[in-house]
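The values are calculated or read from the model by the stated rules, or taken from the named source; none is laboratory data. The shown structure was predicted, so the numbers you read here are calculated from the model rather than taken from an experiment. Because the Cβ atoms are built from the backbone with ideal geometry, glycine has one as well, and the counts that use them run over all protein chains shown. Areas reflect the complete protein model, heavy atoms only, side chains present, ligands, DNA and RNA absent. Shrake-Rupley method; radii C 1.70, N 1.55, O 1.52, S 1.80 Å.
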Amino acid sequence: MPENEATFLPSAFAALNVNAKPFVPNVNAPVFVPSFLQTSAVEIPASDGRSAPDSRLEVTPVENGATEADMTTEEETWEQKEEQKEEPGGGGGGGGKEDEEMMEEEEEEMPMPKVAPAPPDAPKKEHVNVVFIGHVDAGKSTIGGQIMYLTGMVDKRTLEKYEREAKEKNRETWYLSWALDTNQEERDKGKTVEVGRAYFETEKKHFTILDAPGHKSFVPNMIGGASQADLAVLVISARKGEFETGFEKGGQTREHAMLAKTAGVKHLIVLVNKMDDPTVNWSLERYEECKEKLVPFLKKVGFNPKKDIHFMPCSGLTGANLKDPVPECPWYTGLPFIAHLDSLPNFTRSSDGPVRLPIVDKYKDMGTVILGKLESGCISKAQQLVMMPNRHTVEVLSLLSDDVETDDAGPGENLKLRLKGIEEEEILPGFILCSPDNLCHSGRTFDAQIVIIEHKSIICPGYNAVLHIHTCIEEVQITALICLVDKKTGEKSKTRPRFVKQDQVCIARLRAAGVICLETFKDFPQMGRFTLRDEGKTIAIGKVLKLVPEKD
């Protein structure tokens, strides 16, 4: 045997071509597509991914001179700060699709220099918090569960287990939502109560899903969830009758969209869910009808239909159009949901600002643990921070960002911090962690501009309501009405109004029952917007204009 090999090897070597050219891969070679995929692959680019959905979006709302003018002036006065912030990004909005594509690319490249000096942070994806809002039973949790399954965050096995358990309870269409509704009560009733959290990643970004409750008794929980979000997904049900109830005066679709805007969510994606329902059957008419009813309302709340809103049809139960396009729906040519999330431009955040972390929740676990979203600044291990408004000095023992331990965290991340030097009883949701050299403001009295959204009777000085500002909930009283603001011109009235009624804008002095942390809207928008609620309804939204020092 060895002799054969010995003779065989040299002859094999002789056959080798020693002077062969080195192999250079052809970078520009066309992508290999197996023949059975070719037909479908050709059809997809034909729909051109981008241009179509937008052209369709712009056709629907016919903007005559008047409404356009109203809208812009109102938006200017109301959210001047945001408008100016967005302008430098080149987002004039009217520059056609190419312009916007350019802008997206530019914006993604711009924040890079900041990260460059610190190589270990390079692979960190951008964190985006997405809140799912909408009327009860619109399918928020199911879509959340389906997304987690499609991105591989929940394995098939767990889902099969849920499906079995759900079948036993005759609730087989609910099994996907159980990935987010984890406690027994939520599963039995099929209603989300707490804000569920989950994570998923796409190529460019790391997402945190905040699954807000849709039921009107749990709106305060939903406000807490929305105040942590950068991006809201409004889920509406296309099923006959369900869309209408969600949208009527008492429905949650309207209230949630409004709360999301106040909580500082800039971009809204409207998912028209349950398109696979037999009463709808992916019908374009129904989709357009839902759209037509929503657009005027979203505009009134302050979203700009051209820039801030994106509509897309989907089905949470079958997962259609969440990750892959759907054959049953030839008229929708845009990107599916997850791909669309991935293609959104980056959010600009100040990492060099002062540390501000509004606390959402706290519990005891080998020390004091707090949860919250870092609004600005950076936190690292062993850093000294101050808990406002009580001015406790605390030290960060450990940091968890989305349940993964890290040494430092940047703005926009959802954090769990273990703190030293403070007891769990001494913290309340709504307190704020600040850097010791730059404390946030706290006080009881402040002047604010408020818009009365819905209230049957008039509101006079002495009126009490519940204030929701960032994550803080506090009883407030309107102590004085200072002036009315004209919605169209932004002019302030010379005389003090005796009362305000629905749809009016006024500047009022409010006084909280206890000391709260807040900033003026001008300095720090996330901590300067608020909502006023009373008797389970959202009455007004507003922004803090100035803090009034206490008279001792």
Against the condition open to solvent by less than 10 Å² (accessible area, probe 1.4 Å), assigned to a loop (DSSP other than H, G, I, E, B) and closer than 30 Å to V505 by Cα, how does F303 come out, does it pass? yes
What helices (runs of 4 or more DSSP H) completely inside the stretch 137-253 contain at least 1 residues that are at pLDDT 80 or above? 140-150, 156-168, 242-247
With the first residue restricted to the stretch 510-538 and required to be at positive phi, and the second required to be of a type outside the set (S, T, Y), Cβ contacts under 9 Å at 6 or more apart or on different chains are G536/K216; G536/V219
Residue check, I359 in a helix (DSSP H, G or I) and open to solvent by less than 60 Å² (accessible area, probe 1.4 Å): no
Within the stretch 486-508, tally of residues that are closer than 16 Å to A540 by Cα and under 30 Å from the mean Cα position of the chain (by Cα): 8
May I ask you to verify whether L317 is in a loop (DSSP other than H, G, I, E, B), open to solvent by less than 10 Å² (accessible area, probe 1.4 Å) and not acidic (D, E)? no
Scanning for something crowded, with 20+ Cβ neighbours inside 10 Å and polar (S, T, N, Q), does the stretch 475-493 turn up at least one residue? no
How many residues are crowded, with 19+ Cβ neighbours inside 10 Å and not polar (S, T, N, Q) when one looks only at the stretch 268-294? 15
Can you find even one residue in the stretch 291-300 that is at pLDDT 85 or above and of a type in the set (K, R)? yes
Would you be able to say whether some residue in the stretch 450-462 is surrounded by 19 or more Cβ atoms within 10 Å (Cβ to Cβ) and touching a helix residue (DSSP H, G or I) at 6+ places or on another chain (Cβ under 8 Å)? yes
Name the residues in the stretch 324-339 that are under 23 Å from K307 (Cα atoms) and surrounded by fewer than 16 Cβ atoms within 10 Å (Cβ to Cβ), would you? W331
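Okay, residues lined up against (1) open to solvent by 20 Å² or more (accessible area, probe 1.4 Å); (2) out of contact with any Ser or Thr (no Cβ under 8 Å at 6 or more places or on another chain):
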| residue | (1), (2) |
| --- | --- |
| D352 | yes, yes |
| G372 | no, no |
| Q384 | yes, no |
| P389 | yes, no |
| V396 | no, no |
| G412 | no, yes |
| E426 | yes, yes |
| S442 | yes, yes |
